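> Quick one: structure below, then a few questions.
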Amino acid sequence: MEFKKLLVTGGAGFIGGHFVKLALKKHPNLEIINLDLLTYAGNLENLSELKEHKRHKFVKGNILDRSLVSELLAQGCDGVVNFAAESHVDRSITGPDAFIQTNIVGTQKLLEASRKASVKRFLQISTDEVYGTLGDTGEFSEETPLAPNSPYSASKASADLICRAYHHTYNMDVVVTRCSNNYGPNQFPEKLIPLMINNARAEKSLPVYGDGLNVRDWIYVEDHCQGVLDVLMKGKSGEVYNIGSDNEWPNIEIVKKLLNLLDKPQSLITFVKDRPGHDRRYAIDSSKIKRELGWKPSYDFETGLKKTVQWYLENDKWLSGVLDGSYMEYYQKQYSN
Ligand code: NAD
Ligand code: DAU
């Protein structure tokens, strides 16, 4: 399937930003309208290389704004990729409301506007967290029942179910991707890897939740984005595709690796109170996307992690700008009506 113009939402965030850059590079005729609310997690510095790009148009706005979304779709969009979300589990525990609004209601509003606009395909970016948690063995497949445990994952699972309903009821072309933990440049420093890099550099303690033995399955962000492109262009309508790198690590091992790469002492590690309802282990079976669409990850963990650490070391200004909120303030003002 080919697209002339995509509406990408959340494209000023971590993964959405990488996706927009990759899609424009790989598809020389593709145009993108990038709709993003510029919350604390959205940052136009992530897209600085696209400032003068003729095929990229940024619009500051909310996916909950149905008339804005319809107006943008009417500008010739034939596909929608929905990255926009509240994405951080800890924030969903302290304040779930925004997760329900953006992740559930926002997705439904986008689906409805897309249906009315008769777009060719709607791609929902979901997560492996919708499957819940695993014991010491096994992996999530696309058939694993949904069993989300946090307000974040419950909101993402709800959105997946609404996508499913739009496909079945209205025969709309909807596809869903469920990826594991991403890492790479431009990730907001509230997530494990950039938070630990940032603290280690400042020689502040590294807060490891619980016993540090929770396991996550890490994928380099560009590998995820390539998987999303493959599903968008070649995936089968109504299907779900898992995306992962077969790269499981207990959190404590990741933190130790980062300290080694940064040449900082292991004594900075501090075990702190566990996250409430903390999922123990995620592991994802991505054989379907490999088998059916020919996707495979291209980064090994050592290379990806080194590249990520290097990026943070070279991008002090980006880090301080997101941490003190100055980018957010600047871009919010630039785009205020
Ligand atoms: P992020 O928090 O870095 O970015 C989210 C973006 O969405 C931000 O730019 C924000 O401004 C924007 N946004 C938030 N609410 C909005 C709204 N109401 N209207 C328009 N824009 C809004 O998130 P991320 O880590 O890049 O995740 C992107 C997507 O991928 C999310 O849907 C997330 O659930 C999913 N996902 C993330 C991971 C991961 O490891 N980070 C893994 C699998 C899936
Ligand atoms: O699995 C995909 C999901 O991965 C995405 O859907 C989410 O959007 C994304 O935020 C991520 O969720 P996690 O909760 O797994 O990521 P986080 O980086 O917050 O935490 C990773 C692990 O590290 C988790 O077991 C909690 C632990 N942790 C996290 C932080 C921030 C710590 O031990 N200390 C910390 O300070």
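The values are calculated or read from the model by the stated rules, or taken from the named source; none is laboratory data. What you see is a predicted model, and the numbers here were worked out from it, not measured in a lab. All Cβ positions, even for glycine, are placed from backbone atoms using ideal geometry, and neighbour counts span all protein chains on display. Side chains included, ligands, DNA and RNA excluded: accessible areas come from the protein's heavy atoms. Shrake-Rupley method; radii C 1.70, N 1.55, O 1.52, S 1.80 Å.
One line per residue, one yes/no per condition, for (1) without any contact (Cβ under 8 Å) to a residue 40 or more places away in the chain; (2) surrounded by 15 or more Cβ atoms within 10 Å (Cβ to Cβ):
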| position | (1), (2) |
| --- | --- |
| Leu44 | no, yes |
| Leu47 | yes, yes |
| Lys51 | yes, no |
| Lys54 | yes, no |
| Val59 | yes, yes |
| Ile63 | no, yes |
| Glu71 | yes, no |
| Gln75 | no, no |
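> Determine which member of the set Gly11, Gly61, Gly16, Gly79 is away from ligand 1 (no atom under 15 Å from the Cβ), touching a strand residue (DSSP E or B) at 6+ places or on another chain (Cβ under 8 Å) and not hydroxyl-bearing (Ser, Thr, Tyr).
Gly79
> Could you go through segment 89-101 and let me know if any residue there is assigned to a helix (DSSP H, G or I), among the hydroxyl-bearing types (Ser, Thr, Tyr) and within 18 Å of the chain's Cα centre (by Cα).
Yes - at least one qualifying residue is present in segment 89-101.
> Kindly indicate the residue of segment 218-234 that is touching a Pro at 6+ places or on another chain (Cβ under 8 Å) and not in a helix (DSSP H, G or I) and also farthest from ligand 1 (Cβ to nearest atom) among those meeting that condition.
Looking at residues that are touching a Pro at 6+ places or on another chain (Cβ under 8 Å) and not in a helix (DSSP H, G or I), I get Tyr220.
> Follow-up question, since we're still on this one. Looking at Leu293, is it within 25 Å of Glu129 (Cβ to Cβ) and of a type in the set (A, V, I, L, M, F, W, C)?
Here the answer is yes, as Leu293 does meet what is asked.
> Of all residues in segment 153-186, which are among the β-branched types (Val, Ile, Thr) and either open to solvent by less than 30 Å² (accessible area, probe 1.4 Å) or within 11 Å of ligand 1 (Cβ to nearest atom) (or both)? Working first, answer last.
Pass one, segment 153-186, residues among the β-branched types (Val, Ile, Thr): 162, 169, 174-177.
Within segment 153-186, Val174, Val175, Val176, Thr177 meet the criteria.
> Okay, next question. Can you pull out the residues in segment 190-217 that are assigned to a strand (DSSP E or B) and open to solvent by less than 10 Å² (accessible area, probe 1.4 Å)?
Leu206, Val208, Asp217
> When Lys257 is evaluated against the numbered criteria (1) within 16 Å of ligand 2 (Cβ to nearest atom); (2) within 21 Å of the chain's Cα centre (by Cα); (3) assigned to a helix (DSSP H, G or I), which criterion, by number, is the only one it fails?
(2)
> Of the conditions (1) within 11 Å of ligand 1 (Cβ to nearest atom); (2) in a helix (DSSP H, G or I); (3) among the charged types (D, E, K, R), Glu45 satisfies every one except a single condition; which number is it?
(1) is the only condition that Glu45 fails.
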